[in-house]
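One structure is given below, encoded as structure tokens.
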Amino acid sequence: MSDLKQTTEEARLAEIIVAALDIDEMEAADVVPTAALFDPDNAESLGLDSIDALEISLAIDKHFNVQLEAENEANKEIFFSLRSLTEFVMAQADG
């Protein structure tokens with residue numbers, strides 16, 4: 001699979017993220033699954049900040065009943081990209 005093509009699960013989570021953050025200038029399908037979510041210097045990044053991470057966490061809890069703890073030391077890796085976030089959420093939702 002190409003790193004640029006979203007899986008079904010990634011597409012679903014991208015839709016949730018775009019809706020939760022009310023991003024008008026981007027379609028969910030345009031989110032590159034492997035691009036950093038929080039890197040403002042990367043053209044493919046969404047350039048998100050900590051408030052966005054909180055909003056994403058709330059949306060994930062609402063849609064998947066998966067809680068992301070603020071003090072989790074793995075958050076940097078979990079929130080690195082759409083792909084890493086999706087993998088975490090799907091593993092927690094299935095578990």
Give the dimensionless ratio obtained when the Cα radius of gyration of the stretch 8-94 is divided by 2.2 N^0.38 Å.
0.98
Proxy exposure order for SER57, SER45, SER50 (fewest C-beta within 10 Å first) is SER50, SER45, SER57
Sequence order, the stretch 52-64: Karplus ³J(HN,Hα) from phi using 6.51 cos²θ - 1.76 cosθ + 1.60, θ = phi - 60°, Hz rounded, Gly and Pro as x, gives 4, 4, 5, 5, 5, 4, 5, 5, 5, 4, 5, 8, 10
The answer for SER81, listing residues at least 5 apart or on another chain whose modeled amide H is closer than 5 Å to its amide H, is LEU37
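Read-outs throughout are calculated quantities, based only on the coordinates presented, and are distinct from any laboratory measurement. Please read all numbers here as calculations on a predicted model, not as lab measurements. Cβ sites come from the backbone with ideal geometry, for glycine too, and all protein chains shown count toward neighbours.
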